[in-house]
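**Student:** Before I ask anything, here is the structure I am working with.
We did not get these values from a lab; they are worked out from the coordinates using the rules stated. Note that the coordinates shown come from a computational prediction; the quantities given were computed from them, not determined experimentally. All Cβ positions, even for glycine, are placed from backbone atoms using ideal geometry, and neighbour counts span all protein chains on display.
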């Protein structure tokens with residue numbers, strides 16, 4: 001059996017499921033034309049690269065060119081579409097410094113206008129994961145049972161030493177609103193300097209419509225007055 005699996009817009013994966021034909025072949029597309037770039041044969045632990053004119057001689061026993069490839073594609077008897085299930089979008093913020101009122105939850109802004117924003121590797125079927133007008137996470141394009149991983153990158157400058165910093169997500173709406181909260185750190189290395197937090201990811205799963213269909217706010221609370229400077233958030237999806 002020969003199986004064609006479309007993995008994404010630019011990649012087609014062909015599995016030759018036969019005792020005598022063991023390699024796997026990946027055809028890269030250009031302008032919807034098969035075979036216009038390269039084919040890679042994965043055989044055991046070896047990877048070889050060949051031009052389209054010679055790649056099938058050893059495996060199909062016939063000369064190979066673009067017409068042969070098109071005939072071969074037309075003869076495939078099973079087609080399965082398998083979209084990219086994992087991807088991310090990075091939102092780099094340029095809002096600048098934001099004043100913090102002591103012991104008050106404030107939203108973390110994110111306009112997505114920074115030079116390091118990156119939407120080139122988003123998963124299939126997802127256009128946005130954050131509303132850049134509010135800075136809130138938008139999961140409405142996901143399905144129930146899917147998850148997101150968020151790695152936030154922000155800095156806080158307390159006006160007083162030994163200030164306590166907390167972080168939370170606000171999810172749902174109305175009487176069904178709930179929070180996911182954590183204590184980030186005690187800022188005890190001195191006041192008037194920025195403390196950066198950038199490496200710890202958080203997981204949120206789409207367990208119900210209340211979670212999926214409502215904005216997810218990112219907020220911090222500092223026990224003293226201070227300043228917030230957000231660099232941004234990268235949001236990765238794991239789709240079912």
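**Student:** How far, in nm, would the chain grow between residue 113 and residue 203 when pulled straight, counting 0.36 nm per residue and subtracting the alpha carbon separation?
**Tutor:** 30.0 nm
**Student:** In 5 Å bins starting at zero, report the fraction of Cα pairs in segment 86-238 per bin as a rounded %.
**Tutor:** 2, 10, 19, 22, 19, 14, 9, 4, 1, 0
**Student:** To continue, here is another question. So between residue 189 and residue 168, what do we pick up on full extension, going 0.36 nm a residue minus the alpha carbon distance?
**Tutor:** Full extension of this stretch gives 5.3 nm more.
**Student:** Between segment 140-168 and segment 180-219, what's the alpha-carbon centroid distance in Å?
**Tutor:** 2 Å
**Student:** I want to check the label-to-label distance for residue 182 and residue 210. Put each point 7 Å from Cα in the C-beta direction and report it in nm to one decimal.
**Tutor:** Label-label distance for residue 182 and residue 210, simple model: 2.3 nm.
**Student:** Remind me, relative contact order of segment 151-240 in percent, using alpha carbon pairs under 8 angstrom and six or more residues apart?
**Tutor:** 47 percent
**Student:** What is the gain in length, in nm to one decimal, between residue 134 and residue 238 on full extension, counting 0.36 nm per residue of separation less the C-alpha to C-alpha distance?
**Tutor:** Full extension of this stretch gives 35.1 nm more.
**Student:** Okay, next question. By per-residue mean of other Cβ atoms within 10 Å, what is the highest-first order of 166-177, 223-234?
**Tutor:** Taking the mean over residues of other Cβ atoms within 10 Å, the ranking is 223-234, 166-177.
**Student:** If you don't mind, there's one more thing I want to ask. Run the paramagnetic zone check for residue 97: 7 angstrom along Cα to Cβ, then residues of segment 153-185 with backbone nitrogen under 14 Å.
**Tutor:** The answer is 155-160, whose backbone nitrogens lie closer than 14 Å to the label point.
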